[in-house]
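Comments concern the structure below.
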Amino acid sequence: MPDKKLTRAFICIEFPDEVIKEVARVQELAGKIKFTGKMTELENLHLTLKFLGEIDDSMLEEVRKKLNEIKFDVFEAKLGKIGIFHLKGKPRIVWIKVEGKEIYELQKKIDDALKDLFKKEERFMSHLTIARIKYVRDKSGFDEKISKIAVDKIKFKIKEFKLKSSELKSIGPIYRDLEVYKSKA
């Protein structure tokens, strides 16, 4: 029996140009602080609402159907402060908060729609990853300098979310749209 084709998939929100420009500015400032790691490519910026992992075509079809049933109105969000996720006391991810209660409401609708297929997200936090850190010599100095970077609190409208595939390559992930879900308003 042949192996089933698996697709690495996730559900996300993408950002308008003015947000991407602000992230580029913040990345430039963060890049002046010494660390070993990688900035998120601007074309790959997104806010993950739910990571689905490796799924086969029949499950992917089921996900598409269930996501099509979700109804939501256009809503506004805004960029918030910069932050760092640590793992075992070491900085690993530099992120920018994305504020807006409707993001959490949309994420819950997605979780509810897919509850029979996937585990519920326990610790969803609305953010966009701007850099992945491998090594920092001066951890406390790094954290302090990153926290001083001011982010312009740009407001923007969210009119859709996407189901995307992710193919991991040596050059970085390759993302493709599988489906776009527009607001019902």
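The values are calculated or read from the model by the stated rules, or taken from the named source; none is laboratory data. Since this is a predicted model, take the numbers as computed values, not measurements. Every residue, glycine among them, receives a Cβ derived from its backbone with ideal geometry; neighbour counts consider all protein chains shown.
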Residue, surrounded by the fewest Cβ atoms within 10 Å (Cβ to Cβ), within the stretch 54-65, restricted to residues that are closer than 20 Å to K109 by Cβ and in contact (Cβ under 8 Å) with a residue 24 or more places away in the chain: R64
Failed condition for D56, given (1) in contact with a helix residue (DSSP H, G or I) (Cβ under 8 Å, 6 or more places away or on another chain); (2) modelled with pLDDT under 95: (1)
K21, sole failed condition from (1) of a type outside the set (G, A, S); (2) closer than 20 Å to E167 by Cβ; (3) out of contact with any Lys or Arg (no Cβ under 6 Å at 6 or more places or on another chain); (4) surrounded by fewer than 18 Cβ atoms within 10 Å (Cβ to Cβ): (2)
Residue pairs meeting the criteria (Cβ under 8 Å; at least 6 apart or on separate chains; first within 17 Å of K50 (Cα to Cα), in the stretch 157-176; second of a type in the set (K, R) and surrounded by fewer than 19 Cβ atoms within 10 Å (Cβ to Cβ)): E160/K182; L163/R64; K164/R176; S165/R8; S165/R176; S166/R8; E167/R8; E167/R176
Hits in the stretch 56-77 - residues which are part of a strand (DSSP E or B) and more than 29 Å from G37 (Cβ to Cβ): D56, F75, E76
Strands (runs of 3 or more DSSP E) completely within the stretch 78-185 that count 1 or more residues being farther than 20 Å from E41 by Cα, touching a strand residue (DSSP E or B) at 6+ places or on another chain (Cβ under 9 Å) and charged (D, E, K, R): 90-99, 155-158, 160-169, 172-182
Residue count, the stretch 66-108 (criterion: within 17 Å of the chain's Cα centre (by Cα), over 26 Å from K21 (Cβ atoms) and crowded, with 17+ Cβ neighbours inside 10 Å): 0
Scan of the stretch 1-42 for residues that are of a type outside the set (A, V, I, L, M) and assigned to a helix (DSSP H, G or I), ordered by number: D17, E18, K21, E22, R25, Q27, E28, G31
Failed condition for R123, given (1) under 30 Å from F142 (Cα atoms); (2) at pLDDT below 95; (3) surrounded by 12 or more Cβ atoms within 10 Å (Cβ to Cβ): (3)
Cβ pairs under 8 Å, 6+ apart, first in the stretch 127-152 and aromatic (F, W, Y), second modelled with pLDDT under 95 and in a loop (DSSP other than H, G, I, E, B): Y135/F35; F142/I33; F142/K34; F142/F35; F142/V136
Candidates I133, I171, I146, filtered to the one that is surrounded by fewer than 19 Cβ atoms within 10 Å (Cβ to Cβ) and of a type outside the set (D, E): I171
